[in-house]
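Below is one structure, written out as structure tokens; comments come after it.
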Amino acid sequence: MLSEPFYDPLRSYQDNFEHGPFGLFADPHRIPSSETPKHSFLGQPVNTPFGIPAGPLINGKYVKAALDMGFDLPVYKTVRTRQYPSHPWPNVLAVHVDGDLHTGRTLVADGNYTEPLSITNSFGVPSYDPEFWQPDMAAVVKYAAPGQVVVGSYQGTKSETGSVAAYIADYVTGARLLKETGVKIVEVNFSCPNEGTAALLCFDIPRAREIAEAIKNELGDIPLVTKIAYFGDDERLGQFVREVGSVVDGISAINTVSANVVDEQGQQALPGEGRLSSGVCGHAIQWAGVEMVERLVRLRESLSLKYRVVGVGGVTDAAGFDRFRRAGADAVMSATGAMWKPTLAREVKEQAHEL
Ligand SMILES: Cc1cc2nc3c(=O)[nH]c(=O)nc-3n(C[C@H](O)[C@H](O)[C@H](O)COP(=O)(O)O)c2cc1C
């Protein structure tokens, strides 16, 4: 059953930022954990390797609520080295998909959130200034109880001049700013647009490697996870893993899958240029997340690499968590599912089949 979401799609990003989280996240009571951390993720003890990926936890209040509700691996939303605006409202709509979603489909979107739950989200990765997010992130890093770890996510911003050197330098600055918060794991979003092209950074393998190396150099001992999109091409994924998987400590897959999103009249559902195509997440992309985890685990074994795999995509119940764990995920995260099921971490703790 779906509950009131902790991020309210009917309100603007700003309104959610100032007044949220909502529903059960509005007043969570920290349940003192009786668990002894049985798991370890990138050197950190973890009660249950389950969390919320980059996005829905838009500031420290949201991360704190997630920790209280038992999500032991929450990711503080993707930030940037400078303030960056959100796309106009609406930013979230329900989409109705028959079966599994593959790219290139056209979907009808509306405000009717029903199970099996899939949505589109379109924010443009907004960010506050580091003056806001650095102390906000540092406070929740400290707030985490034993067996819980807050992950800090960020991405570089294209430069106004189109300079690749400035783009790479921005990633290094971001790594330094995150390091200063005391965060114990950093995630970098490579499923974002690359400088100079419309394609995603994770598909430009030489540049992704160069940036990963520059970030690692700045972070020192802090583990680095890279967040990637679904790779349709197996050979390309193999190349990515050979080049980037040997530099980073973890790979998180997947981000959203693109589709054209229209309203019931067939008109573009999200207002503004470039927003006909939008990222879809939730139940309809679970197949793609699980498949990527299986491929990443196989590649890790065959190439004798060490990176940890974070499984993301369409987890809305304990069975979804189990499916990713069986596929070999070291940790599992849910964005859409957790938004509408704020008790999902408790459900996973009670019902999941431990490996
Ligand atoms: C509201 C919302 C905002 C998101 N923002 C980001 C983001 O800023 N950075 C990022 O790497 N992924 C972002 N994502 C993608 C999620 O981290 C995740 O990869 C995707 O939603 C698939 O997981 P799900 O099916 O459990 O939702 C966002 C997702 C949602 C629902």
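The values are calculated or read from the model by the stated rules, or taken from the named source; none is laboratory data. Note that the coordinates shown come from a computational prediction; the quantities given were computed from them, not determined experimentally. Every residue, glycine as well, gets a Cβ built from its backbone with ideal geometry; the counts of neighbours run over all protein chains shown. The protein model used for the area step is the full one, side chains on, heavy atoms only, and it has no ligands, DNA or RNA in it. Shrake-Rupley method; radii C 1.70, N 1.55, O 1.52, S 1.80 Å.
Computed quantities for the displayed model
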quantity: Among (1) more than 17 Å from the chain's Cα centre (by Cα); (2) within 13 Å of the ligand (Cβ to nearest atom) - the single one Gly104 does not satisfy; calculated: (2)
quantity: So Tyr84, is it open to solvent by 20 Å² or more (accessible area, probe 1.4 Å) and of a type outside the set (D, E, K, R); calculated: yes
quantity: Members of the range 79-96 that are of a type in the set (Val, Ile, Thr) and more than 18 Å from Ala138 (Cα to Cα); calculated: Val92, Val95
quantity: Hits in the range 8-56 (condition: closer than 18 Å to Gly328 by Cα, among the small types (Gly, Ala, Ser) and buried (at least 18 other Cβ atoms within 10 Å of the Cβ)); calculated: Gly51
quantity: Subset tally (residues that are under 20 Å from Phe25 (Cβ atoms) and either part of a helix (DSSP H, G or I) or within 11 Å of the ligand (Cβ to nearest atom) (or both)) for the range 321-348; calculated: 16
quantity: Residue that is most open to solvent (accessible area, probe 1.4 Å) [pool: residues in the range 138-176 that are in contact with a helix residue (DSSP H, G or I) (Cβ under 7 Å, 6 or more places away or on another chain) and in a helix (DSSP H, G or I)]; calculated: Arg176
quantity: Qualifying residue in the range 332-354 (condition: open to solvent by 10 Å² or more (accessible area, probe 1.4 Å), hydrophobic (A, V, I, L, M, F, W, C) and at pLDDT below 95); calculated: yes
quantity: Residue list for the range 307-320, restricted to those being more than 13 Å from the ligand (Cβ to nearest atom) and over 18 Å from Lys38 (Cβ atoms); calculated: Tyr307, Val309, Ala319
quantity: Matching residues in the range 177-191 - criterion: being in a helix (DSSP H, G or I) and surrounded by fewer than 24 Cβ atoms within 10 Å (Cβ to Cβ); calculated: Leu177, Lys179
quantity: Enumerated strands (runs of 3 or more DSSP E) restricted to the range 9-117, each holding at least 3 residues that are more than 22 Å from Gln268 (Cα to Cα); calculated: 39-41, 44-46, 50-52, 73-79
quantity: Tally of residues being of a type outside the set (A, V, I, L, M), within 12 Å of the ligand (Cβ to nearest atom) and open to solvent by 10 Å² or more (accessible area, probe 1.4 Å) across the range 87-101; calculated: 2
quantity: Counted residues, the range 267-279 - those being open to solvent by less than 50 Å² (accessible area, probe 1.4 Å) and either among the basic types (Lys, Arg) or more than 13 Å from the chain's Cα centre (by Cα) (or both); calculated: 5
quantity: Matching residues in the range 246-294 - criterion: being within 13 Å of the ligand (Cβ to nearest atom) and in a helix (DSSP H, G or I); calculated: His283, Ala284, Ile285, Gln286, Trp287, Ala288, Gly289, Val290, Met292, Val293
quantity: Qualifying residue in the range 120-137 (condition: over 28 Å from Asn217 (Cα atoms), open to solvent by less than 20 Å² (accessible area, probe 1.4 Å) and within 16 Å of the ligand (Cβ to nearest atom)); calculated: yes
quantity: Residue count, the range 295-306 (criterion: surrounded by fewer than 24 Cβ atoms within 10 Å (Cβ to Cβ) and either assigned to a helix (DSSP H, G or I) or of a type in the set (Ser, Thr, Tyr) (or both)); calculated: 8
quantity: Tally, over the range 1-30, of residues that are free of Cβ contacts under 8 Å to residues at least 40 places away in the same chain and touching a strand residue (DSSP E or B) at 6+ places or on another chain (Cβ under 7 Å); calculated: 0
quantity: Of all residues making up the range 198-216, the number that are part of a strand (DSSP E or B) and under 28 Å from Val141 (Cβ atoms); calculated: 0
quantity: Residues being part of a loop (DSSP other than H, G, I, E, B), more than 16 Å from the ligand (Cβ to nearest atom) and out of contact with any Phe, Trp or Tyr (no Cβ under 8 Å at 6 or more places or on another chain) - total across the range 217-245; calculated: 6
quantity: Qualifying residue in the range 89-98 (condition: within 19 Å of the chain's Cα centre (by Cα) and either of a type in the set (Asp, Glu) or under 29 Å from Val149 (Cβ atoms) (or both)); calculated: yes
